[in-house]
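Novice: Pasting a structure below so you can have a look.
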Ligand SMILES: Nc1nc2c(ncn2[C@@H]2O[C@H](COP(=O)(O)OP(=O)(O)OP(=O)(O)O)[C@@H](O)[C@H]2O)c(=O)[nH]1
Ligand SMILES: [Mg+2]
């Protein structure tokens, strides 16, 4: 069962669990809008926190955590937590959750929490969203990675949403569909005939508890083309691009059992990358072409992520300042008569007047 925190988080968790998720928000209005099995209102005592949520201020989300502290830490055990990194509620509440997890001695495998974050597209979204994201990655996410007490971290980006002008609801469905490609790996293993390899439910759960970023994608596999090239060309564009992977798994579904040994070239690719993936090859008569689902676990220092965001955020801010200057400040044209000014200066400083005028003439100012 998943847990959605804040606006975006609640909508995504509700989609994944078809209305059976637990959702948490500071805003009663937002809680009402989303279907869920359990709705938890976090309360912040600051007067700013009424009605419309945390107004993009993570400090209010942090403050509100105190009102749900015991419940929250229990509720996320072994679950998947969704939140956006840009707003105040999801960011603030999840920051404290991550900090609590980071401070714990150790967490058993069954109690590890997987986190799915939605980061803003800095070229189009407000700089508050971008700045909140930077603090979130630099602080709580960084600590959590160092402590190793979370499960997989999944970072969805809103880039494609804005670039391709996709309606929010459609985009959320795309996000959840792509996550379901990954999550249904062990379910397919139980439903379809196994041809080679095996990823059982336990292996899969263990994989989800590793504290690394997870990039997953799915595409039609052509056994006559190099696997590495196909993989790169089919990276999941809803997720941040992965770095070199530490661990991996893949599920290959074949419409024809004669193709079974085509998975060996995939193993060759991973062996060159120094990774020994878990894999499963299944017979799926409903398909026309072989279909592969790949997951790569990789470690990327949050500071590198932050560097990317800083570069964009800096540019974004400069543009904003420039725009507001253009809009609100009209400097009256400063007209200076250089000859008069020069004369004033030489009179005040008792220098030779002609000398000053000659210099000005030489450099083309007169
Ligand atoms: N993909 C996607 N992004 C969303 C959705 N709703 C909000 N966002 C993004 O999430 C960020 C804003 O965060 P929200 O989740 O609305 O904020 P919140 O956690 O509720 O916090 P406050 O409303 O500030 O209290 C921005 O980057 C939005 O573009 C959604 O349904 N889908
Ligand atoms: Mg909100």
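The values are calculated or read from the model by the stated rules, or taken from the named source; none is laboratory data. Note that the structure is predicted; figures quoted are calculated from it, not measured. Note that we place each Cβ from the backbone using ideal geometry, even for glycine, and neighbour counts take in every protein chain shown.
Novice: Here are some conditions: (1) more than 11 Å from ligand 2 (Cβ to nearest atom); (2) surrounded by fewer than 24 Cβ atoms within 10 Å (Cβ to Cβ); (3) under 26 Å from residue 138 (Cβ atoms). Residue 19 meets all but one. Which one does it not meet?
Specialist: Going through the list (1) more than 11 Å from ligand 2 (Cβ to nearest atom); (2) surrounded by fewer than 24 Cβ atoms within 10 Å (Cβ to Cβ); (3) under 26 Å from residue 138 (Cβ atoms), residue 19 breaks only (3).
Novice: Return yes or no: is residue 31 over 18 Å from the mean Cα position of the chain (by Cα) and more than 15 Å from ligand 1 (Cβ to nearest atom)?
Specialist: Answer is no for this residue.
Novice: Write out, first by first residue and then by second, each pair whose Cβ atoms fall under 7 Å of each other, whose residues are 6+ apart or on separate chains, and whose first residue, in region 280-292, is in the same structural domain as residue 256 (by TED's automatic domain parsing) while the second is loosely packed, with under 13 Cβ neighbours inside 10 Å and in a loop (DSSP other than H, G, I, E, B).
Specialist: Matching pairs, first to second residue: 280/198.
Novice: When you scan region 183-194, do you find a residue that is part of a loop (DSSP other than H, G, I, E, B), at pLDDT 95 or above, touching a strand residue (DSSP E or B) at 6+ places or on another chain (Cβ under 7 Å) and at negative phi, even just one?
Specialist: For region 183-194, residues part of a loop (DSSP other than H, G, I, E, B), at pLDDT 95 or above, touching a strand residue (DSSP E or B) at 6+ places or on another chain (Cβ under 7 Å) and at negative phi: present.
Novice: Of the residues that make up region 267-277, is at least one in a loop (DSSP other than H, G, I, E, B) and within 20 Å of residue 153 (Cβ to Cβ)?
Specialist: The answer is yes, given that some residue of region 267-277 is in a loop (DSSP other than H, G, I, E, B) and within 20 Å of residue 153 (Cβ to Cβ).
Novice: For region 212-236, enumerate the residues that are farther than 23 Å from residue 282 by Cα and either crowded, with 18+ Cβ neighbours inside 10 Å or modelled with pLDDT under 95 (or both).
Specialist: If the condition is that a residue be farther than 23 Å from residue 282 by Cα and either crowded, with 18+ Cβ neighbours inside 10 Å or modelled with pLDDT under 95 (or both), then 212, 213 are the ones that fit.
Novice: Still on this structure, I have one more. Can you name the residue in region 89-126 that is within 16 Å of ligand 2 (Cβ to nearest atom) and assigned to a loop (DSSP other than H, G, I, E, B) and is also nearest to residue 78 (Cα to Cα) among such residues?
Specialist: Among those that are within 16 Å of ligand 2 (Cβ to nearest atom) and assigned to a loop (DSSP other than H, G, I, E, B), it is 120.
Novice: Check off (1) away from ligand 2 (no atom under 16 Å from the Cβ); (2) buried (at least 24 other Cβ atoms within 10 Å of the Cβ); (3) in contact (Cβ under 8 Å) with a residue 60 or more places away in the chain; (4) outside any strand (DSSP E or B) for residue 136 and give me the number that stays unchecked.
Specialist: Tallying (1) away from ligand 2 (no atom under 16 Å from the Cβ); (2) buried (at least 24 other Cβ atoms within 10 Å of the Cβ); (3) in contact (Cβ under 8 Å) with a residue 60 or more places away in the chain; (4) outside any strand (DSSP E or B), residue 136 fails exactly one: (1).
Novice: Would a scan of region 250-258 turn up a residue that is farther than 12 Å from residue 195 by Cα, touching a residue at least 24 places away in the same chain (Cβ under 8 Å) and not assigned by TED's automatic domain parsing to the domain that holds residue 140?
Specialist: Scanning region 250-258, I find at least one residue that is farther than 12 Å from residue 195 by Cα, touching a residue at least 24 places away in the same chain (Cβ under 8 Å) and not assigned by TED's automatic domain parsing to the domain that holds residue 140, so the answer is yes.
Novice: Can you tell me which condition residue 241 does not meet? The list is (1) closer than 30 Å to residue 135 by Cβ; (2) surrounded by 21 or more Cβ atoms within 10 Å (Cβ to Cβ), and all the others hold.
Specialist: Failed condition: (2).
Novice: Next question, about the same structure. Any residue at all in region 54-75 that's away from ligand 2 (no atom under 14 Å from the Cβ), part of a loop (DSSP other than H, G, I, E, B) and either more than 22 Å from residue 175 (Cβ to Cβ) or under 20 Å from the mean Cα position of the chain (by Cα) (or both)?
Specialist: Checked against the condition, which is being away from ligand 2 (no atom under 14 Å from the Cβ), part of a loop (DSSP other than H, G, I, E, B) and either more than 22 Å from residue 175 (Cβ to Cβ) or under 20 Å from the mean Cα position of the chain (by Cα) (or both), region 54-75 yields no hits at all.
Novice: Could you run through region 22-48 and say how many residues are within 16 Å of ligand 2 (Cβ to nearest atom), under 16 Å from residue 75 (Cβ atoms) and not in a loop (DSSP other than H, G, I, E, B)?
Specialist: 7
Novice: If you don't mind, there's one more thing I want to ask. Only one of 41, 55, 62 is near ligand 1 (Cβ under 9 Å from one of its atoms) and surrounded by fewer than 22 Cβ atoms within 10 Å (Cβ to Cβ); which?
Specialist: Answer to the selection: 55.
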